[in-house]
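Report on the structure given below.
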């Protein structure tokens, strides 16, 4: 058989193999019970808080529907410790909680390797004030994958939860909660807004090159011995001597 006849057969085999893989990956499930994000998270054992919020916001039900009837779904699941370390609680604010949980869901199935080379930003179910989808940025190399919200960066763990990386539902473990930048108050002071420290002026230099600390003031300097400073004392001594001499002469005159 010539190479020209063999090449179309090889090409046909490759196309059929890829087509079968695509059908298996994005098949519509007949049994709804096979897609249950709640059960998958419960099997993980450290996602009780995330499960509670998925049920409270009904996002978990939406995940199951997307997984069954859509192009699959990818869930980034923060652990209980991640929620415990969250400084700002959003559980009391229904709008913020809805936004936060939707921010961890992508309405498409992504394998771990695909997220390493995906085109950023990747849209989530969360939307901003302008009703535009909020995105996440993924960066990875080899077996390490990071995800960033623009405010929080954390690792994404491969196969962290049992059966979580099989189509149409992928669930990846996170050590931190992805807080969207919309949660950050732009009016809050930042380190860039802090006033610059006031510089301390250096000691002034005297004319002779010494500092003020080294300069001796006029009061501290010993007075030089000059004629002006010794003349009053010398005059007093001379006056007393003359007075004594006159007194002696006067007494001698009286005695004689």
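Below, the figures for the structure above:
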| item | result |
| --- | --- |
| Conditions (1) surrounded by 15 or more Cβ atoms within 10 Å (Cβ to Cβ); (2) under 21 Å from the mean Cα position of the chain (by Cα); (3) part of a loop (DSSP other than H, G, I, E, B): number failed by residue 77 | (3) |
| Positions within region 141-155 being crowded, with 18+ Cβ neighbours inside 10 Å and over 15 Å from residue 179 (Cα atoms), in sequence order | 145 |
| Any hit, region 111-119, residues being touching a helix residue (DSSP H, G or I) at 6+ places or on another chain (Cβ under 8 Å) and farther than 17 Å from residue 51 by Cβ | no |
| Residue among 64, 43 that is modelled with pLDDT of 90 or more, assigned to a helix (DSSP H, G or I), touching a strand residue (DSSP E or B) at 6+ places or on another chain (Cβ under 9 Å) and farther than 21 Å from residue 136 by Cβ | 64 |
| Test: residue 107 is farther than 20 Å from residue 44 by Cβ, out of contact with any strand residue (DSSP E or B) (no Cβ under 9 Å at 6 or more places or on another chain), in contact (Cβ under 8 Å) with a residue 12 or more places away in the chain and surrounded by 14 or more Cβ atoms within 10 Å (Cβ to Cβ) | no |
| Residue among 115, 100, 86 that alone is outside any strand (DSSP E or B), touching a strand residue (DSSP E or B) at 6+ places or on another chain (Cβ under 9 Å) and at pLDDT below 95 | 86 |
| Region 46-61 - residue that is touching a helix residue (DSSP H, G or I) at 6+ places or on another chain (Cβ under 7 Å) and outside any helix (DSSP H, G or I) and, of those, farthest from residue 126 (Cα to Cα) | 46 |
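One line per residue, one yes/no per condition, for (1) modelled with pLDDT of 95 or more; (2) within 18 Å of residue 171 (Cβ to Cβ):
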site	(1), (2)
14	no, no
23	no, no
26	no, yes
32	no, yes
47	yes, yes
50	yes, yes
57	yes, yes
71	no, yes
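The values are calculated or read from the model by the stated rules, or taken from the named source; none is laboratory data. Remember, predicted model here, so these are calculated numbers, not experimental data. Methodologically, a virtual Cβ is constructed for each residue, glycine included, from the backbone with ideal geometry; neighbour enumeration extends over all protein chains shown.
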